[in-house]
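Everything below concerns the one structure shown next.
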Amino acid sequence: TNDRIGMPKTESARLTLQALNPDVKVLEFRERLSSENAFRIFEQFDIVVNGCDNFPTRYLANDACVMLKKPLVDGAIWQFEGQATVFYPPQGPCYRCLFPEPPPPGAVPSCAEAGVLGVLPGVVGCVQALEAIKLILGQGTPLIGRMMHFDTLSGEVRMLRLRRDPKCAVCGERPTVTKLIDYEMFCGLGGTDGNGAGPDGGHHPEPEPSRPSAA
C-alpha cells in the first residue's frame, strides 16, 4: 500500500501476517542472509521456504539447509512461467544437484529486464505454502524429487522428475563444500532495494529443469 512505501519488506510482511492472525508468532530478521547468520536464523525453524531473488542467497540457503538437514521449499518465476519443488536430501536432490555452480556475472537477465507477470509470484507462493503445510502435517506427497512447472499462457502444468547427484559438492557421497560460502564474488550481484535484496536470480522454467530464480 502507499502508506508502506519506503518500509522494509520484512516489517511490511510482519504487519500483514499479524493482521491476518494475531496469534501467529512472527520473527523479523532485518538483515541480509550471509554465511555468518544463516545457521543462526535457519536452525530456529523446521522448514525453510525460499523467496529470494538472487543467486548468492539461493546457493547459500541451499547449502545451509543441506548442512542443517532441513527441507527447502523452493519456488521460481520467469515471465509467464513458474515452478516449485522441495529440496530435501537424502530423500531427493538439493539445488546444487541440478546447478553445481553459480552463473557468471551478467549471464542471466533480471526480472526487471525480462519481465514477470504480476500475479505469478502469488501463484507460486501458494504452491510453496501448500508444500510447507504438507511437510508439517506429514500428509500427501511433497514435491521432493519432482518439480511442478506451469505455463500461464498455455495453461499447461507438467511434473518433472529430478535426480540426486551422488557427486554433488554439498549433499553427495563425498561432499567438498563443508562450510558456508558467501557467493557475492562469484555471481557479481549486489543489493538493489535497500533491504538487501539483489537482482533476480533468473530461475528460468523450461521443459528440462533450468537454473531457477525466485518467486
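The values are calculated or read from the model by the stated rules, or taken from the named source; none is laboratory data. Everything numeric here is computed off the predicted structure, so don't read it as measured data. Every residue, glycine as well, gets a Cβ built from its backbone with ideal geometry; the counts of neighbours run over all protein chains shown.
Here is a yes/no grid of residues against (1) assigned to a loop (DSSP other than H, G, I, E, B); (2) out of contact with any Leu (no Cβ under 7 Å at 6 or more places or on another chain):
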{"position": "MET7", "(1), (2)": "yes, yes"}
{"position": "CYS65", "(1), (2)": "no, no"}
{"position": "ASP74", "(1), (2)": "no, yes"}
{"position": "GLY82", "(1), (2)": "no, no"}
{"position": "GLU101", "(1), (2)": "yes, yes"}
Of the listed residues (PRO102, PRO56), the one being touching a residue at least 24 places away in the same chain (Cβ under 8 Å) and under 20 Å from GLY172 (Cα atoms) is PRO102
Scanning the stretch 13-49 residue by residue, those of a type in the set (Val, Ile, Thr) and either under 17 Å from PHE87 (Cβ atoms) or in contact with a Phe, Trp or Tyr (Cβ under 9 Å, 6 or more places away or on another chain) (or both) turn out to be ILE41, ILE47, VAL48, VAL49
- request: With the condition kept exactly as written, say whether any residue in the stretch 153-174 is under 14 Å from VAL86 (Cβ atoms) and among the β-branched types (Val, Ile, Thr).
  value: no
Of the residues in the stretch 41-95 that are at pLDDT 95 or above and among the basic types (Lys, Arg), the one that is nearest to VAL119 (Cα to Cα) is LYS70
Residues of the stretch 1-42 being surrounded by 11 or more Cβ atoms within 10 Å (Cβ to Cβ), closer than 22 Å to ALA129 by Cβ and of a type in the set (Asp, Glu), in sequence order, are GLU11, GLU28
When every residue in the stretch 29-63 that is among the aliphatic types (A, V, I, L, M) and assigned to a helix (DSSP H, G or I) is compared, the one nearest to the chain's Cα centre (by Cα) is ALA61
